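Undergrad: Take this structure, written in structure tokens, and hold onto it; I'll ask about it next.
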Amino acid sequence: MMVSHNYLTSSIGKKQIMAITGLGLVGFTVSHLIGNFLLFLGPDAFNTYAHTLTSNPLIYLAEVGLGSMFLLHLVLAAITQLQNRAARPIGYLAKKSTGRGETFASKTMAYTGLILLAFVIIHLINFKFGSVYESTIEGETVRDLYKTVIEYFSNPLYVVWYCFAMVALGIHTSHGFQSTLQTWGLRHPKYTPMIEIIGMLYAIFVTVGFSACAIYCYLQN
Amino acid sequence: MSGKEKIITVHLKLWRQKNRSTKGFFEEHTLEGVSTGSSFLEMLDQLNEKLIREDKAPFAFDHDCREGICGMCSLMINGQAHGPERATTTCQLHMRSFSDQDTIVIEPWRSSAFPVLKDCMVDRTSFDKVIAAGGFTSVNVGNAQDANALPISKENADLAMDAAACIGCGACVASCPNASAMLFTSAKISQLALLPQGKVEAHKRASKMVEAMDELGFGNCSNHAECEASCPKDINLSNIARTNREFFKAKIFSEKE
Ligand code: FES
């Protein structure tokens, strides 16, 4: 199998890679959310999960994979954005949507994407590289990430920012999900409306799910 | 003409530009005595007669058949390609879609691949280049063969015909927030890829046409679907999905480097 030299620079190639990396990030988001649900079960369940995850040597591989997916998605998005701007140097005075095409989500992909970029950086600083506490579970010393999380969300401003970013995530993926399938050539008069609904449900699930975790933590204080 | 026809006054805000290399600007005109029964282009003819009488340069815009089949007319009317009606070319648009004292903003297709020649006339040679990049189709020569020798399903014949309805006006590019030409290119790829005659070079054609499209400076499709919504011929987004598939196959399974 030989990938032609210009697949990656072609408009379709770039979009397909963006779509695949986006889908990978969607998968990661779901697993992250399911992990977060352990917060509801209390410190031990959550800390054991976090410990098992971070003490597995494969985590480094996963982190590199995830990081490169994220970066690739971002770099391609930046390149296509710049090209798209260059493709229309003079804008319209009176541009008006037909109301049958673009959506709020599709129009704001770059902005919601930037919010998510800021969010991911802040998120890593706050949690992965945030305050470290220790606790003992069955004789083993583990990081008390639960405490870090609860402590963080004691500030209502952080809760608001977190929920805001999760709304951006929902909006971003509501367009991204169905767009991914279209970009990979999967479109069908019967299934596409269903796919759009699944994308919407997914978006609502992640937004509500993550926000619920944050609000729950706030209430624990 | 129907009895409901009215005479209205419209305020026009037109894009004027002398040639490719000069900067353009908006010019305002008020046109009285416009019949709602007249077509949009007839209204512009009326304006031009007035401008000529006043010894001013007439407003340049593209048009030819004036019956929605040639694809020459190309105006951005109040921010919408071919105006507010669905599946309608500018030449098929009528003044009954507007009201008395309306302000109508008229702009050219905005795309770096469609340079303005004069006022709202743009050069759409880029589209011809995309088509030319598609190359030839292999056909049997000699006596015409029996029509039944080439089985084509009714579904595919219909889909190919729907794609072939594209008149190449450029509304897809004009309305796309990214100024992408994917709908046009995909219609031209699909109309051949769906039929046995076009199958032989289908992958190569997809690859070449997309390459040409990228090189000409059109933007990248991000599935807004404004193109489909603005298309006067209702060309479907499934053509873009088909092109994405064909292009991937062409690139990944090509024997050549
Ligand atoms: S003038 Fe021919 S399609 Fe409008």
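Only the coordinates and a few stated rules stand behind these numbers; no lab work does. On a predicted model such as this, the values are computed, not experimentally measured, just so you know. Cβ: placed from backbone, ideal geometry, glycine included. Neighbour counts: every protein chain shown.
Undergrad: Within chain B, what's the longest stretch lacking chymotrypsin sites (Phe, Trp or Tyr not before Pro) that sit in DSSP loops with no more than 13 other Cβ atoms inside 10 Å?
TA: The segment B:1-135 is the longest one with no such site.
Undergrad: Lysines within cross-link reach of B:Lys13: Cα-Cα under 20 Å, excluding same-chain residues under 8 positions apart?
TA: Qualifying lysines at Cα under 20 Å: A:Lys95, A:Lys96, B:Lys23, B:Lys50, B:Lys56, B:Lys118.
Undergrad: Relative contact order for region B:124-256 using alpha-carbon pairs under 8 Å, separation at least 6, rounded to a whole percent?
TA: Once divided by the residue count of region B:124-256, the mean separation gives 33 percent.
Undergrad: To one decimal place, what orientation-averaged projected area in nm² is obtained for the convex hull of the Cα set of chain B?
TA: 17.6 nm²
Undergrad: Give me the extension gain from A:Val167 to A:Asn155: residue separation times 0.36 nm, minus the current Cα-Cα distance, reported in nm with one decimal.
TA: 2.4 nm
Undergrad: Collect residues whose amide H, placed 1.01 Å from N in the peptide plane, falls under 5 Å from the amide H of B:Thr103; neighbours closer than 5 in sequence don't count.
TA: Long-range HN contacts for B:Thr103: B:His11.
Undergrad: Under a cut-off of 18 Å between alpha-carbon atoms, report the lysines in cross-link reach of A:Lys128, not counting same-chain residues fewer than 8 places apart.
TA: A:Lys147
Undergrad: If you fit an axis through the alpha-carbon atoms of helix A:156-183 and take the longest principal axis of the Cα set of chain A, what angle between them do you get, 0 to 90°, nearest 10?
TA: 40 degrees
Undergrad: In the Gaussian network model of chain A, springs joining C-alpha atoms below 10 Å, which of A:Tyr133, A:Tyr92, A:Tyr162 carries the largest mean-square fluctuation?
TA: Fluctuation is largest for A:Tyr92.
Undergrad: Compute the length gained on full extension between B:Lys13 and B:Arg96: take 0.36 nm times their separation in residues and subtract their Cα-Cα distance, giving the result in nm to one decimal.
TA: Here the segment from B:Lys13 to B:Arg96 would lengthen by 28.0 nm.
Undergrad: List the GluC sites (Glu not before Pro) within region A:95-176 that fall in a DSSP loop (any state other than H, G, I, E or B) and whose Cβ has at most 13 other Cβ atoms within 10 Å.
TA: Sites meeting the loop and neighbour criteria: A:Glu138.
Undergrad: Sorted from largest down, what three extents in whole angstroms do the Cα atoms of region B:7-107 have along their principal axes?
TA: On the principal axes, region B:7-107 reaches 33, 29, 23 Å in Cα extent.
Undergrad: Could you work out the relative contact order of region B:1-153? I mean the mean sequence separation of Cα pairs under 8 Å and 6+ apart, divided by the number of residues, in percent.
TA: 26 percent
Undergrad: Let me ask another. Could you work out how far helix A:192-219 tilts from the main Cα principal axis of chain A, as a 0 to 90 degree angle to the nearest 10?
TA: That works out to roughly 30 degrees.
Undergrad: Starting from the Cα of A:Thr136, step 7 Å along the direction of its Cβ; do the same at A:Val120; then give the gap between the two resulting points in nm.
TA: About 3.9 nm, to one decimal.
Undergrad: Connecting C-alpha atoms closer than 10 Å in a GNM of chain B, tell me which of B:Ser39, B:Ser97, B:Ser74 has the biggest fluctuation.
TA: The residue that fluctuates most here is B:Ser97.
Undergrad: Straight-line reach only, C-alpha to C-alpha below 18 angstrom: list the lysines that A:Lys15 could link to, leaving out same-chain residues fewer than 8 apart.
TA: A:Lys107, B:Lys208, B:Lys249, B:Lys251
Undergrad: Once you keep just the Cα pairs under 8 angstrom separated by 6 or more residues, what percentage relative contact order results for chain B? Walk me through the numbers on the way to the answer.
TA: Numbers: 473 pairs, mean separation 48.4, N = 257.
Computed value for chain B: 19 percent relative contact order.
Undergrad: Let me ask something else. With r as the distance between the Cβ atoms of B:Arg53 and B:Lys249 and R0 = 51 Å, compute the FRET efficiency 1/(1 + (r/R0)^6) and round to 0.05.
TA: Here the calculated transfer efficiency is 0.30.
Undergrad: Report, to the nearest 10°, how far helix B:154-164 tilts away from the longest principal axis of the Cα atoms in chain B, using its own Cα long axis and a range of 0 to 90°.
TA: Helix B:154-164 and the main axis of chain B meet at about 50 degrees.
Undergrad: Please compute the modelled spin-label separation between B:Lys199 and B:Leu117, points set 7 Å along Cα→Cβ, answer in nm with one decimal.
TA: In this crude label model, B:Leu117 to B:Lys199 measures out at 4.0 nm.
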